[in-house]
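Undergrad: Got a structure here, written out as structure tokens. Questions coming.
The values are calculated or read from the model by the stated rules, or taken from the named source; none is laboratory data. Only a predicted model underlies this, so the values are computations on that prediction, with no experimental measurement involved. Backbone-built Cβ (ideal geometry, glycine too); neighbour counts: all protein chains shown. Protein only, heavy atoms only, side chains kept; ligands, DNA and RNA dropped before computing areas. Shrake-Rupley method; radii C 1.70, N 1.55, O 1.52, S 1.80 Å.
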Amino acid sequence: MQQKYHPDRYHQAMSAAMSRIESLAANAPADGTAGEKSLAIEFEGMSEAEVGERSSLLDQIERLIAGWAANGHVIFDAEETLNELALSEPAPFDLDAELFVGGIGYIHFGKIKGLQSQNDPRTHVEGTYIRHAELDDVPGYELTFVCNEPGWSTLKDAKYGDAIRTASCVATAFVALDQELPCVPRQNMFRGDPALIADDVLARAFGVAIIALAILSARENKPTVQAVPLRH
């Protein structure tokens, strides 16, 4: 059964995919030729450059998930609330500097309306990791958007190249603490999977994340990594 939340699903699916590729390599014939062909099939249609870029994105996500797990598994499941507000725009607000203090949190969008990919409606942006960061010495938050799609359910049995394409469908943006919010995102503020960055859905997902930050900034009880995980 597919896990609801991205960090749980990623660990489950990619661990299985990695085990399969390691088993394939370990059981390859001793002469090497057949084994090399089997491994080449796993990455069929991918250039070395793409494999390198996607591996880098996977490293980024795995570091985020490791930090998230080490700091309390904090999830703000905002699907029900955001589904009602996804097409609205919050009033101007000041971004609270004390959200998820000391670690990494995850804001779950779920399957709210408007976050389906323009390129493939089966894919939707399902949430964002959030952590404190600095860009050019300016403090703020780094948002890393992640996606769900049918491919996750068969990831453990897919070719490894297809698995890493699915798992690395992510994009990152930075929001400064002194940024006037809400704001219209610029395409050049995102980095990550090229197809996702070029998709209009990412701007909508950014808007939804800003709504979630407005909700959290207005709360008296701020989510911290020391808090009880906000799963509800």
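Undergrad: Filter the helices (runs of 4 or more DSSP H) completely within region 1-99 down to those with at least 1 residues that are at pLDDT 85 or above and under 19 Å from F206 (Cα atoms).
TA: So the answer is 6-26, 48-70, 79-85.
Undergrad: Considering only residues that are open to solvent by less than 30 Å² (accessible area, probe 1.4 Å) and outside any helix (DSSP H, G or I), look in region 147-166 and name the one that is nearest to V125 (Cα to Cα).
TA: Looking at the filtered set, the residue picked out is C147.
Undergrad: Would region 111-131 turn up any residue that is touching a residue at least 12 places away in the same chain (Cβ under 8 Å), more than 24 Å from D200 (Cβ to Cβ) and either in a loop (DSSP other than H, G, I, E, B) or out of contact with any helix residue (DSSP H, G or I) (no Cβ under 9 Å at 6 or more places or on another chain) (or both)?
TA: For region 111-131, residues touching a residue at least 12 places away in the same chain (Cβ under 8 Å), more than 24 Å from D200 (Cβ to Cβ) and either in a loop (DSSP other than H, G, I, E, B) or out of contact with any helix residue (DSSP H, G or I) (no Cβ under 9 Å at 6 or more places or on another chain) (or both): absent.
Undergrad: Taking interchain pairs and intrachain pairs at least six residues apart, which have beta carbon atoms under 7 angstrom, with the first residue in region 155-170 and without any contact (Cβ under 8 Å) to a residue 24 or more places away in the chain and the second open to solvent by less than 30 Å² (accessible area, probe 1.4 Å) and aromatic (F, W, Y)?
TA: Close Cβ pairs (under 7 Å, with a partner that is open to solvent by less than 30 Å² (accessible area, probe 1.4 Å) and aromatic (F, W, Y)) amount to T166/W152.
Undergrad: Return yes or no: is P150 more than 15 Å from A209 (Cα to Cα) and at pLDDT 90 or above?
TA: Criteria not met by P150.
Undergrad: Right, something else. Exactly one of (1) outside any helix (DSSP H, G or I); (2) among the hydrophobic types (A, V, I, L, M, F, W, C); (3) out of contact with any His (no Cβ under 7 Å at 6 or more places or on another chain) is unmet by F206. Its number?
TA: Against the list (1) outside any helix (DSSP H, G or I); (2) among the hydrophobic types (A, V, I, L, M, F, W, C); (3) out of contact with any His (no Cβ under 7 Å at 6 or more places or on another chain), F206 comes up short only on (1).
Undergrad: Moving on to the next point. Taking the criterion of being closer than 28 Å to A195 by Cβ and either touching a strand residue (DSSP E or B) at 6+ places or on another chain (Cβ under 6 Å) or open to solvent by 50 Å² or more (accessible area, probe 1.4 Å) (or both), would at least one residue in region 89-98 satisfy it?
TA: yes
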